[in-house]
Structures are given as C-alpha cells and as structure tokens.
1. Loop-only GluC sites (Glu not before Pro) in region 465-546, please: DSSP not H, G, I, E or B, and at most 13 other Cβ atoms within 10 Å.
2. Counting only DSSP beta bridges with both residues in region 506-661, tell me the antiparallel percent, nearest 5.
3. Find the all-direction average of the projected area of the Cα convex hull for region 54-146, expressing the result in square nanometres with one decimal place.
4. Please calculate the 1.4 Å probe accessible area of D602, with all protein chains present, and give it to the nearest 10 Å².
5. Rg to Rh ratio, the chain, alpha-carbon atoms and Kirkwood radius?
6. Ranked from the most accessible area to the least, with a 1.4 Å probe and all protein chains present, what is the order of S221, S628, S318?
7. Note down, for region 201-257, the three equivalent ellipsoid semi-axes (square root of 5 times each alpha carbon gyration tensor eigenvalue), biggest first, whole angstrom.
8. Taking N as the number of residues in region 82-212, what is its Cα Rg relative to 2.2 N^0.38 Å?
Amino acid sequence: MFVVLPDGKRLDVPAGATGADVAGAIGPGLAKAALGVRVDGRLSDLQSAVPAGAHVAIVTKRDADDAIFLARHTLAHVMAQAVRELFVAEGHPAESVKMGVGPVIDNGFYYDFDLPRSLTPEDLTAIEARMRAIVAADLPLVKYELPRPEALARFEAQGDPYKVELITDLPVGEAISFYEQGGAGGFTDLCRGPHLPRTGAVPASFKLMSVAGAYWRGDESRPMLQRIYGVAFATKEELERHLWQLEEAKRRDHRKLGAELDIFVLDEDVGPGLPLWLPRGAIMVEEIERLAKETEEAAGYKRVRSPHLTKEQLFVKSGHLPYYADSMYPPMVLEDGEKYYVKPMNCPFHHKIYAARQHSYRDLPLRLAEYGTCYRYEDSGALMGLMRVRSMQMNDAHIYCTEEQFEAEFLAVIDLYTKYFDLFGIDEYVMRLSKHAVEGLGKKYVDQPELWVKTEAMVRDALLAAGVPFVEAEDEAAFYGPKIDVQIKSAIGREFTLATNQVDFAQPARFDLTYVDEHNERRTPLCLHRAPLSTHERFIGFLIEHFAGDFPVWLAPEQVRIVPIADRHAGYARGLQELLEAAGLRSEVDDSNERMNAKIRDAELYKVPYIVVVGDKEEAARQVSFRSRQEPERHGVAAEAFVAHLRDAHARRLLKVNPLA
C-alpha cells in the first residue's frame, strides 16, 4: 500500500504499516525523532496502523502542540502506574487501585482514582518521584486490542466497575484498545490513545499540583473519586512561567481582593451567586456604566428599560423556552395558573419595544441599549465569585438593521470592543466565530439550515473584509444565530470569555418585527445582540484580577486619601477634600487617632492611587505632598495644580497617569 507525505509524494509501505513504520521508511533520523503522526489531519500515535492511501505527517518536537498533547496524555498513564505502585508498596492489592478516566486538559492532565485511603500532599511528592523513575526507565508503550467479551472479563475479574462501565458504553463494533508500558509485568490501561512511543520521550518539566474530589462521570449520585491534577510543558521555562502565573493568580484572585478592597460580598442569607455591591464596588459599577452610556450615546444608541419578570408566553414566543429552560429560575405560578419567569436575558423585551411602533427603513439601524438585570440559574458547582453568578447586570444592546446595513453595524461593534480593550489595557484577545452544528438543528439550534449558512458567511465575510483576525469554532453558536465570542487575556495571561456579538435571524420573525422598505413593502430586519462590556459582575471580576486591584485613577473607588500629620491640619485636609469633590474626584480624609505611618499603610492596603500628606508647610503654602501608585513621589505641589492634574486623568480615563510636570 502507499501513504501520501506532506509534500504530496507517495511512499510505499507494507500493508498494516504503523506510524513508526512510515517514519522508518522515510529515514532513520526521522524514525528516531518521531513522537507521533497525523493521519488525514487527525493526531495518532506511532503504535497505530495507518490506513492505505492516508495523508500522513510525522510529529516531532518541532510540532510543539501535538508533542505536548502526546506527552500530557502519556503522563496520565505514568501517573496511574505510579499511584498503583505506591499502594502496592504499602501492601494493598493492585486490584484495590481502581481507575476512572485520565484525559488531557489545558496545560496538563488528570486521572480519577478509587483508592483504599485518602491521598495526602505528601503522597503527591512520592507519586511524582515514582513518575520520574518511570520516565527515566524509558519504558516502551505497546498498543493492542481485545474483543469486547475478553476486555470486559479482564476488568470484571479485577473488580473494576469503572472500566467495565466505560467498555459497556462503547458503541458496538468500536475497537477496544489498551496501552501497555513496561511489558506484560508493567502497567496496562484501557485507552483510545494517542500516546508517545516510550515513557522516556516525556519532557522532565512536569509537576503534580493537587488532589480534588470528583463525582464519577460528573454525576452527584455516583461515587466520589479522588482526582489528581498535573501540569506539563515542553521546557522548564514554560513550567516555571506557569507556576508563577498560578501564584500570581492567587494573589490577584478577585474573590480575595474583592473582600480586602471592600468591593463586593456574597452572603448565604441572600443566596449563592447573588453578589452584594459594597459602596466601593458600586462606584466602579457607576463609572463603567457611565462610560458605556457616554460611548453608546455618541454612537447613536437609544436607552430603554424593561421589567425584571414576564409571563411565560414571552419566552415561548422568543424560543428561549424550551431551549434555555435549564438555565432559567423556576416559574412563579399565580392563583390563576399563569406562570411568570424572572428574565435570563433582555432581548425579548427589546423586541417588544421595537414592535411597539411601526418602522420605516429610514428608522434603521435602530440601536436599543439597556444595562438590564438578568437572572440565570447556574449550576451551584459552576458558581465562582463574580465570574459565574445568578444575578447580573448586562451591558446589553440590540441593533435592528437591514441586510445592507449589517456589515457596517457588525464591524462598528467590533470597533467598539477594540476601543474598550485599549482603554483597559487589554492587549491580547481572540475573536471566535462560533457556528452551529448540523446535528443540533431543531434541538440546540433553530431549524433553518439555509439561514445558518447564510448568516455565518455574512459574519465571516465582514471579518475578512475588515482584516479582523478570528478563529472558527463548531457547535458553539447561540440557538438563534452565529456569534463572535471574544476571548481576552489578563495582564498575567489568564484567559476570560468576556464579550459577545451575535447575529439573530430567528427572533425578529418570531416576533413579527418588520419595517417598510423604500418600495413600501414589509421586510424583516436582522438583529445584532451585543454586550462588549459583558456584565458588571464578570467585567469587574476580570478587572480586579487584571489590575490586581491597582485600578486606573478614573476607576479607583477612592482616588485620593488625605492624611493630616496632626489634628491641627484636619481643617486644611477637609478644605482639600472639598476642592477635590468640586472637581468630581473621590477622596477621604483620615483624621483618626492612628499614627501617620499606620494611616499611610491603611491607604496602601486599599490601593488608593494617591496619598496626600499635609502638615504645617503644606497648609501655609496651600500645597500638597503626595506619594502615588501612578507616578513618582512629589513635595510642595500647588493644591490647584494637583487637583487639575487628577481631574485631567479622570476626565480622559487614562490608563496610566503622566507624571506631573
């Protein structure tokens, strides 16, 4: 038989040849460097047979993404072997170590175990040491398949219900493969693959991170297993960078900083996922909302308001019921049987606002905006500080336009994103075109295949025409149309899904939304759903971590802390506060009985951008001395010049303040 190489040349190989055979036929150097193989675009391993006529590309260390995937998957097996060895060494039977699944995840891998005892942090150290010994032993990995009855019999004899269930759930006729490392007396695991050819090919830059409880197959009614997480990278530098990011992420955790900076709280009496904004947090909410309103007013948006709940029939009409029912709070049932829902989104209300008046093509595009409060019944296990909540205020808007206006309106929203990103110092982001999947039509997605193809092409063409870089993702669309999801990275490289820009071809027709065109005929508009600043909750959670609580002056809840050196300077301090307030700036005077250094320390803990210290000299000359998180320390600055300096930074929403001249 033959296979086709990346340069298009055919290579004759024996029937049933594996990836290793193909690499060897190309040359001994490649055979030695080979780690895996891509077969017709799919990642496979050197142990697997290659079909006749397949297009193949040998994977080496140069193929970084594929190489690290193979290494991480193999490390999951290496870890499983090490765990079994640890418990056998303690005197437990090998069969007492039962295993669930061990997949590759972002940056690493995990494996779920049902063990004779609970794991401790010291166990992780011992397991990792055993893993390094297994890697150093350079054990070969051999793949083989077994008939279903024989595979089931093997795990039934071992008393392993998890592997039995996995095999039972496999489709009839699907190959049941195993990977053996270290020979018949070594370690063998049920697995689809792919894997490295030997344990010695695993890079040394890996580390076990933690143990956590995990229900078998994510089902709370099933047994709780112990999940060991590990990370792995191609180089020591990448691993060290990742570990630094994790430590930095702990320091920047918005839940920790949100409490320390008095921004928000979560209270069990209020309910999970229902944050309370404290005064400092409310200031940030208002500043961001002011930014959005000013920006949207300049872009021709009109503000509207809608209630927090509605009759069931509105969401039936919109199609959110039944598609979205699992994410909605249960209905309130009135005495007459009428059902009301708190709203999980604003769009049906905006459609009703559009429908309240007749529209001509001259009225379009019509841009309706609202910071609407929505409620979504997120799974309790998914709730996380401000990032995943059940009550949220969304920077929402809906743009009703003609097909001819679509591209300009769509790209104007994209442009809005980038302006906001510049403002907040977000340098890394990815636009993701999220598309439908054919098999989801009529279930997960509106069953109009022609319109899906058409609108996805419209979005793609608009992005290409504007030169906007993007990636495509299958089966990630909204139920009513394709969308752009914006993935952003914080200052330390953590990824967040923040904004969205969605095309809706279904709901305008459901709501009988129309406009009269230039030929006096009724047409159905397109609708764009957009939320560039996400929700207050998610966006402020991101900003806390992005800035580590050290916010730009315009966004800081408290911009200036005034510290009088002695009680006699309190009057001058109050006068400065009035001057700052008159300029629209936020300040507090610390006239407590604490020592001056303690007062300064308190302001630093709150990450106040400017700490002004006033004493006899400053009061006599009507000056200030300040230390700042934004610029060098200064003494003897005229009070009016200082206020004007900050007023300018605030008004221009500067990311970084230029030092006072």
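1. E474, E518, E521
2. Once the DSSP bridges in region 506-661 are tallied, antiparallel ones form about 55 percent.
3. Over all viewing directions, region 54-146 projects a mean Cα-hull area of 8.2 nm².
4. So the heavy atoms of D602 present about 60 Å² to solvent.
5. On the Cα set of the chain, Rg over Rh gives 1.03.
6. S221, S628, S318
7. Computed over region 201-257, the values are 27, 20, 7 Å.
8. 1.07
The values are calculated or read from the model by the stated rules, or taken from the named source; none is laboratory data. This structure is a prediction, so every number in the text was calculated from the model and none was measured. All Cβ positions, glycine included, derive from the backbone under ideal geometry; neighbour counts span all protein chains shown. Keep in mind that these areas ignore ligands, DNA and RNA; they rest on the heavy atoms of the full protein, side chains included. Shrake-Rupley method; radii C 1.70, N 1.55, O 1.52, S 1.80 Å.
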